[in-house]
Structures are given as C-alpha cells and as structure tokens.
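Colleague: Questions regarding the structure given below will be posed in turn.
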Amino acid sequence: MVRAVAVACSLLVACGGDDGDVMFPSNYKSSYVEVRDCRPSSEHDLHKIVVYAPPATAAIYLARTDPFPIDSLIVKEEYDFTDDACAEDLTWWSAMKKTSAGWVFQRVASDRSVIEDTDLERCINCHSACVPPDGFDGTCAVP
C-alpha cells in the first residue's frame with residue numbers, strides 16, 4: 001500500500017499545479033479557508049503550522065463527520081518553532097491530496113520548488129495513524 005501511494009504521489013506531482021510540480025496553486029490564500037490557526041506541531045519538526053483548504057474541503061475538515069472525497073487538498077504553511085504568530089518568513093509548505101490510493105504528500109520550499117515528493121513514508125506512516133479524537137480521516141491537526 002505504501003509503495004502504491006508513493007507511486008500515485010509521483011504521478012500526481014508529475015501532473016502538477018500552476019507551478020509545474022507543486023500540487024496547490026500559488027494564489028491559494030485568495031480562495032482557500034484557514035481551518036487551523038498558528039499552533040505548534042510536534043509531527044512537523046516542531047514547526048508552527050497554519051492549515052488551509054479549499055471551501056468544500058474546509059467544511060469537511062471542520063465538521064469532521066464525513067470522509068474527504070477524492071481530490072481533497074490541504075495546505076500547511078510551516079514556520080520556525082520560535083515564530084509564535086506565524087508572521088515571519090515561511091519555512092516551507094506541506095501539502096496533502098487525497099487520491100483513490102489514499103493521501104499523497106509533498107513538501108515545497110518558500111520559492112515554490114518541490115523539496116520532497118518521493119520519499120514520504122514518514123508522512124504516510126504518521127497520517128495513517130491519525131484517528132479520532134484528535135485525528136480525522138488522515139488529518140492529524142485539530143481545527
């Protein structure tokens with residue numbers, strides 16, 4: 001299963017977003033909804049994270065009752081652990097998209113170059129363990 005998800009991620013990333021290999025649009029903040037404010041995340045190298053999602057995905061993320069449909073997309077802005085307001089320079093983004101094979105993951109630098117999209121076993125292992133009450137359908141962060 002892990003290998004299938006990694007292959008699916010490679011195929012998804014090859015199709016890319018508006019910046020070639022990036023799976024989310026550069027103007028995501030103009031249409032996405034903030035679903036989690038600036039808080040620490042021990043699972044993300046102790047970075048502070050802010051989570052965004054398109055409106056339909058945001059509604060599911062916040063309600064936590066129905067599973068995410070295929071093509072759901074979640075974007076996490078990651079900031080240095082000392083940045084309590086998430087107001088300094090972005091460290092990187094982490095993104096996840098649901099496919100028929102499960103969630104695929106990508107890490108993107110602040111210049112929108114893809115840092116990592118092939119060796120994401122750590123993401124898969126962690127997110128597959130995210131279950132209620134704190135986790136929901138592969139998402140780990142409480143809204």
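The values are calculated or read from the model by the stated rules, or taken from the named source; none is laboratory data. Since this is a predicted model, take the numbers as computed values, not measurements. Positions of Cβ are backbone-derived with ideal geometry, glycine not excepted, and every protein chain shown enters the neighbour counts.
Colleague: Looking only at segment 51-74, which residues are in contact with a strand residue (DSSP E or B) (Cβ under 8 Å, 6 or more places away or on another chain) and of a type in the set (S, T, N, Q)?
Modeller: Residues satisfying the conditions are Thr57, Ser72.
Colleague: If only one of Ser94, Ser41, Ser72 is touching a helix residue (DSSP H, G or I) at 6+ places or on another chain (Cβ under 6 Å), touching a residue at least 12 places away in the same chain (Cβ under 8 Å) and on the phi < 0 side of the Ramachandran plot, which one is it?
Modeller: Going through Ser94, Ser41, Ser72 in turn, the sole match is Ser72.
For every residue, the table says whether it meets (1) closer than 19 Å to Ser30 by Cβ; (2) among the small types (Gly, Ala, Ser); (3) touching a strand residue (DSSP E or B) at 6+ places or on another chain (Cβ under 7 Å); (4) modelled with pLDDT under 90.
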{"position": "Asp45", "(1), (2), (3), (4)": "no, no, no, yes"}
{"position": "Ile49", "(1), (2), (3), (4)": "no, no, yes, yes"}
{"position": "Lys76", "(1), (2), (3), (4)": "yes, no, yes, no"}
{"position": "Phe105", "(1), (2), (3), (4)": "no, no, yes, yes"}
{"position": "Ala109", "(1), (2), (3), (4)": "no, yes, yes, no"}
{"position": "Arg112", "(1), (2), (3), (4)": "yes, no, no, no"}
{"position": "Ile115", "(1), (2), (3), (4)": "no, no, yes, yes"}
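Colleague: Would it be correct to say that Asp119 is part of a loop (DSSP other than H, G, I, E, B), over 21 Å from Ala53 (Cβ atoms) and at pLDDT below 85?
Modeller: So Asp119 fits the description; yes.
Colleague: Given (1) within 16 Å of Thr99 (Cα to Cα); (2) at pLDDT 80 or above; (3) surrounded by fewer than 19 Cβ atoms within 10 Å (Cβ to Cβ); (4) touching a strand residue (DSSP E or B) at 6+ places or on another chain (Cβ under 8 Å), identify the lone condition not met by Val22.
Modeller: Result: Val22 passes all but (3).
Colleague: Considering only segment 79-101, I want to know if a residue exists there that is in contact with a Leu (Cβ under 6 Å, 6 or more places away or on another chain), under 25 Å from Asp21 (Cβ atoms) and of a type in the set (D, E, K, R). Walk me through it before giving the result.
Modeller: Step one: of segment 79-101, the residues in contact with a Leu (Cβ under 6 Å, 6 or more places away or on another chain) are 81, 97.
So of that shortlist, the ones also under 25 Å from Asp21 (Cβ atoms) come out as 97.
Those left that are additionally of a type in the set (D, E, K, R): 97.
Within segment 79-101 (the criterion being in contact with a Leu (Cβ under 6 Å, 6 or more places away or on another chain), under 25 Å from Asp21 (Cβ atoms) and of a type in the set (D, E, K, R)), the answer is yes, since at least one residue qualifies.
Colleague: For segment 52-65, check the following and say yes or no: at least one residue is modelled with pLDDT of 90 or more, in a loop (DSSP other than H, G, I, E, B) and crowded, with 20+ Cβ neighbours inside 10 Å.
Modeller: For segment 52-65, residues modelled with pLDDT of 90 or more, in a loop (DSSP other than H, G, I, E, B) and crowded, with 20+ Cβ neighbours inside 10 Å: absent.
Colleague: Among the residues of segment 78-103, which ones are of a type in the set (Ser, Thr, Tyr) and touching a strand residue (DSSP E or B) at 6+ places or on another chain (Cβ under 7 Å)?
Modeller: Within segment 78-103, the subset of a type in the set (Ser, Thr, Tyr) is 79, 82, 91, 94, 99-100.
Listed by number, the residues that qualify are Tyr79, Thr91, Ser94.
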